[in-house]
Structure formats: structure tokens, C-alpha cells
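One structure is given here, and the rest of the page talks about it.
The values are calculated or read from the model by the stated rules, or taken from the named source; none is laboratory data. What you see is a predicted model; the values in this text were computed from it and never measured. As a convention, Cβ positions derive from the backbone with ideal geometry for all residues, glycine included, and neighbour counts pool all protein chains shown.
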Amino acid sequence: MRDLSECQTYVMHMRLEHRHINEAVHDVVSLFSTETAANSKELVEQLAQKLRVLRAELAKHFAEEDAGGCIEEAISHCPSVSQAATTLEGQHSLLLAHLDRLIEQTRKRTIDEDPSQLQVNINDFAKQLNAHESLENQIMQDAFGTGVDETNSCS
Ligand SMILES: [Fe+2]
Ligand SMILES: [Fe+2]
């Protein structure tokens, strides 16, 4: 098990990755919401490509968290976060499966199709991912105090 300072270092790294992932998701959402994206084959392909890159980044990020993401240490250090930690369980595979469906849906999309459903699905994925990462940030903040301020709020 990692010690407190190792986990604090890890959490700083994790938060940077979350920021990077958020930017990539924002990029996807913005691209899709441009008017031309709905009607351009090239932009649809660009969207599919961005989703594939995001998928690879997320798979790496999730694997790193699963292999030693300091969640166990957070629970040990601050048992009150255990319920939130349980909520996170299983979400990685669900999020990746969701993203796989989006990639497939984008790949199959023809220019004439109504893009609104795909857009709804992308926004839905972005919300779910954001909720997941926010909860992780909150757990780490509560346990290790490595957020905006450096104090923890473990009770
Ligand atoms: Fe995660
Ligand atoms: Fe994460």
C-alpha cells in the first residue's frame, strides 16, 4: 500500500490527467456541435478519429487507476469515502463500452442521417464521464486534501 505522500503525488498526476481528458471530451463535443460537422463526411470522420484517440487515452487512464489508483489507501485513510468509492466500481468498463458504441455509431453514420441522436449520446457520455471523474476528485480531496486547498475534509 502506498503511503500518504505517494498518494498525494499520484493524485496531482490524476487530476492533471482528468483535466487533459476533459479537454479532449470538450473538443469532441465542440467539434460535433459545429454546424458543418453534421453535414460533412470529413468532419464525421474527424469526430470518429477523436473518439478513438479519447478511447485509447481513457483505457490507459482507467488501467492506471485500476492498477494502483490510491482508492484503497483513500478508504483506509478516510473510511467515510467508502460509499462513494463503491459507486465508482464497475464504471470504467461501462464508460468504455459506452464510448465503443459511440465510435461504432459515428462510423456507421451517413451524411444524410439526423445527427441529433448521436449528439445526445455524446453529451450523455460526457456527463457520465464528468460525474465519474468529479467523484474521484472528491474522494481524493476528502482523503488526501490535494485539491483547490490543501486541507482534507475527512470526517
Ligand atoms: Fe476512474
Ligand atoms: Fe479518473
- Failed item in (1) surrounded by 14 or more Cβ atoms within 10 Å (Cβ to Cβ); (2) modelled with pLDDT under 90, with N39 passing the rest: (1)
- Query: Taking the range 77-98 only, how many residues are more than 14 Å from ligand 2 (Cβ to nearest atom), assigned to a helix (DSSP H, G or I) and among the hydrophobic types (A, V, I, L, M, F, W, C)?
  - Reply: 2
- Query: Restricting the range 106-133 to residues that are farther than 18 Å from D27 by Cα and either modelled with pLDDT of 95 or more or surrounded by 15 or more Cβ atoms within 10 Å (Cβ to Cβ) (or both), which is farthest from ligand 1 (Cβ to nearest atom)?
  - Reply: R109
- Query: How many of the residues making up the range 5-33 are surrounded by fewer than 17 Cβ atoms within 10 Å (Cβ to Cβ) and basic (K, R)?
  - Reply: 1
- Message: Where the second residue is more than 10 Å from ligand 2 (Cβ to nearest atom) and not charged (D, E, K, R) and the first is at positive phi and lies in the range 119-145, which pairs have Cβ atoms under 6 Å and are six or more apart or on separate chains?
- Response: G145/T151; G145/N152
